[in-house]
Amino acid sequence: MTTNAVTMEKLVALCKARGIIFPGSEIYGGMGNTWDYGPVGVEIKNNIKRAWWKRFVTESENSYGVDAAILMNSRVWEASGHTTSFSDPKMDCKSCKTRHRADNLIENFSKGTVDPDTMSNDEMEKYIEEHHVKCPVCGNFNWTNIRTFNLMFETSRGVTDESQNKIYLRPETAQGEFVNFLNVQRTTRAKVPFGIAQIGKAFRNEITPGNFIFRTIEFEQMEHQWFCKAGTDEDYYRQFKQKALTFLLDLGFKEEHLRFHDHEKLAHYAKEACDIQYLYPMGWQELNGIHNRTDYDLTRHQEYSGKTLTYVDPVNSERFIPYVIEYSIGADRLMLAVLSEAYEEEELEGGDVRNVMHFHPALAAYKAAVLPLQKNLAPHARELLAKLKKHFSVSYDEAGSIGKRYRRQDEIGTPFCVTVDFDTLENGTVTVRDRDTMSQIRLSENELIDFLREKCAF
Ligand code: GAP
C-alpha cells in the first residue's frame with residue numbers, strides 16, 4: 001500500500017542522500033540551479049540515454065547518430081532565428097528587484113486555466129494589470145513593462161581583445177543535425193525519409209530556472225530530426241507523436257500520467273507542434289516536444305551558408321529541400337519524470353514503511369546487488385560479483401542486517417538482490433529477491449546471467 005504522494009522535497013532529499021543528484025558546486029555554497037549527478041544518478045541517466053538511442057537510432061530502420069560541436073559558427077544562430085527570436089518575456093519587480101517570466105506569472109496566477117502561450121506581450125501585460133497579479137517574492141504590485149530577454153549564453157573566442165568574436169553555447173542540439181544533413185546523407189547513402197539523432201548538452205540563460213532538474217541553465221537534450229518529403233510530413237508528425245508516447249509507456253510510465261498538449265501559439269519555424277506533458281510533483285508540465293518544422297531550417301541554412309542543401313531523389317532525380325519532423329526530449333527532464341514515477345513509500349505488514357524506486361530494470365543504476373549473508377561468505381560473494389560485473393552494473397553490500405541491505409537497494413531501485421548463503425557453497429544456488437514483490441526464488445549461479453539479461457532488457 002502506498003502511504004504518501006511524491007513531493008519535490010522528498011525527491012531532492014532522496015537524490016542527495018543516495019548519490020543520485022547533488023547540488024552543483026556544493027562546497028562553495030552552490031551555483032543556482034546547477035546539479036551534479038552522483039554515482040547512482042549517472043548510471044540511471046546513462047541508461048535513459050541508452051534506451052532512447054536504442055529506440056530512436058539503433059533499432060530504427062533509417063536513423064543515424066551524430067555528435068556535433070557545442071560551439072558552432074555564429075551564423076548558424078542567425079540562420080536558425082535564435083539571435084532574434086529566442087527570448088522570453090520578462091518583467092522586473094521594481095520593489096524587490098527580482099525578475100520573472102510574464103507567462104509564468106499568468107500561468108501560476110490562473111492555476112493553469114489561462115494559457116499564456118496564446119497571448120501577445122501586450123495581452124499578457126493587460127492581463128497582469130487587470131488581475132493585479134502580484135510579485136510572488138515580495139507580494140507587491142510594482143512591475144516594469146515586459147521586455148524580451150535572449151536566452152543564449154554568449155562567450156567569445158580568440159586570445160586577444162581585438163580578435164574577439166562573439167560565439168554562443170548552443171541552446172539546442174538540433175542545429176548540429178541540420179548543418180550535417182548532407183554529410184550524413186552522402187556518407188550513409190540514406191534515402192529520404194531518414195533521421196538524424198543526437199544526444200548532447202544545451203545551455204539556456206533561463207530567467208526562472210527551478211523545480212530541481214526540470215528547468216536548468218545547462219541540460220542534456222535527446223533530439224531526432226526526421227527528414228521527409230513535403231506532403232508526407234503530417235503523417236510522419238502523427239507517427240512521431242505515437243512513437244514518443246510508446247517510448248514512455250514502454251519505460252513504465254502510467255498512461256494517466258501522460259497527456260498531449262497541442263500548441264496554439266507556434267514557434268517561428270513550426271507548422272504544427274505539441275508536447276507530451278507529464279504529471280510532475282508540481283503539476284502537468286512539458287516533458288518533450290514534437291514539431292513539424294517544415295523546410296524552414298534547411299532553407300535558412302542554405303540561404304545563410306550559400307551551400308545548396310537540396311536532396312536529389314535517386315529514382316526520378318527530383319530535387320527538393322526536405323521537411324523535418326523533430327522529436328526532442330530533455331534527458332534531465334525525463335530523469336525527473338522517471339524518478340517521480342518510480343517513487344513509492346510502501347506501507348508493509350506490521351506498519352513498517354519502505355521507500356522503493358520502481359524503475360524499469362533497464363534504467364536501474366545496478367541490475368543486481370550481491371549480498372553475502374554473513375561476512376565469512378564474502379570471498380565467494382566477491383567471486384560472483386566479479387563474474388556478474390563483466391555483464392552488468394552490479395552493487396555489493398556486506399554491512400548490516402540483510403533487511404537493512406534490502407532497504408538500501410530498494411531506495412535506489414536495484415531490481416534484484418542476490419544473497420549468497422551457506423547453500424551456495426554446497427549446491428551453487430543463490431537467493432534472488434525481487435524489488436517490487438519482495439518474493440524470492442532460488443537460482444543456480446549459472447542461470448543468473450541469463451535471468452538478469454532477460455529481466456533487464458529494454
Ligand atoms: N530543438 C527544439 C527544442 O529545443 P524545446 O521545446 O525548447 O525545443 C526541447 O526543448 C526539450 O528540451 C523540452 O521538451 C525539455 O524536455 C528540454 N528542455 C528545454 N529547456 C530545458 C531546460 N531549461 N532545462 C531542462 N530541460 C529543458
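Here are the numbers for this structure:
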| item | result |
| --- | --- |
| Unique residue being within 14 Å of the ligand (Cβ to nearest atom), among the acidic types (Asp, Glu), open to solvent by 70 Å² or more (accessible area, probe 1.4 Å) and farther than 24 Å from His360 by Cβ when the list is Glu218, Glu234 | Glu218 |
| Those strands (runs of 3 or more DSSP E) lying entirely in the stretch 8-108 with at least 2 residues open to solvent by less than 60 Å² (accessible area, probe 1.4 Å) | 21-23, 63-65, 87-92, 99-101 |
| Residues that are touching a Phe, Trp or Tyr at 6+ places or on another chain (Cβ under 8 Å) and within 16 Å of the ligand (Cβ to nearest atom), drawn from the stretch 335-364 | Leu336, Ala337, Val338, Ser340, Glu341 |
| The listed residue being open to solvent by 30 Å² or more (accessible area, probe 1.4 Å) and more than 30 Å from the chain's Cα centre (by Cα), out of Ala378, Ala399 | Ala399 |
| Of the criteria (1) outside any loop (DSSP other than H, G, I, E, B); (2) within 16 Å of the ligand (Cβ to nearest atom), which one Ile213 fails | (1) |
| Condition met for Asn205 (within 15 Å of the ligand (Cβ to nearest atom) and among the polar types (S, T, N, Q)) | yes |
| Candidate set from the stretch 237-258 (those that are of a type in the set (A, V, I, L, M, F, W, C) and within 16 Å of the ligand (Cβ to nearest atom)); member that is farthest from the chain's Cα centre (by Cα) | Phe240 |
| Tally, over the stretch 402-420, of residues that are among the acidic types (Asp, Glu) and either touching a Cys at 6+ places or on another chain (Cβ under 8 Å) or crowded, with 19+ Cβ neighbours inside 10 Å (or both) | 1 |
| Neighbours by Cβ (under 7 Å, 6+ apart or cross-chain): first from the stretch 269-292, closer than 10 Å to Ile329 by Cα and open to solvent by 20 Å² or more (accessible area, probe 1.4 Å); second near the ligand (Cβ under 9 Å from one of its atoms) and part of a strand (DSSP E or B) | Glu286/Asp275 |
| Residues that are aromatic (Phe, Trp, Tyr) and away from the ligand (no atom under 13 Å from the Cβ), drawn from the stretch 261-284 | Trp284 |
| Candidate set from the stretch 293-321 (those that are away from the ligand (no atom under 12 Å from the Cβ) and part of a strand (DSSP E or B)); member that is surrounded by the fewest Cβ atoms within 10 Å (Cβ to Cβ) | Arg319 |
| Leading residue by the ranking (nearest to the ligand (Cβ to nearest atom)) among those in the stretch 221-231 that are in contact (Cβ under 8 Å) with a residue 24 or more places away in the chain and not charged (D, E, K, R) | Gln221 |
| Filtered residues of the stretch 149-192 (kept if modelled with pLDDT under 95, out of contact with any helix residue (DSSP H, G or I) (no Cβ under 7 Å at 6 or more places or on another chain) and either closer than 18 Å to Cys228 by Cα or away from the ligand (no atom under 16 Å from the Cβ) (or both)) | Glu154, Thr155, Ser156, Arg157, Gly158, Val159, Thr160, Asp161, Glu162, Ser163, Gln164, Asn165 |
| Any hit, the stretch 193-202, residues being away from the ligand (no atom under 16 Å from the Cβ) and open to solvent by less than 10 Å² (accessible area, probe 1.4 Å) | yes |
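The values are calculated or read from the model by the stated rules, or taken from the named source; none is laboratory data. This is a predicted model, so every value here is computed, not measured. Note that we place each Cβ from the backbone using ideal geometry, even for glycine, and neighbour counts take in every protein chain shown. Areas reflect the complete protein model, heavy atoms only, side chains present, ligands, DNA and RNA absent. Shrake-Rupley method; radii C 1.70, N 1.55, O 1.52, S 1.80 Å.
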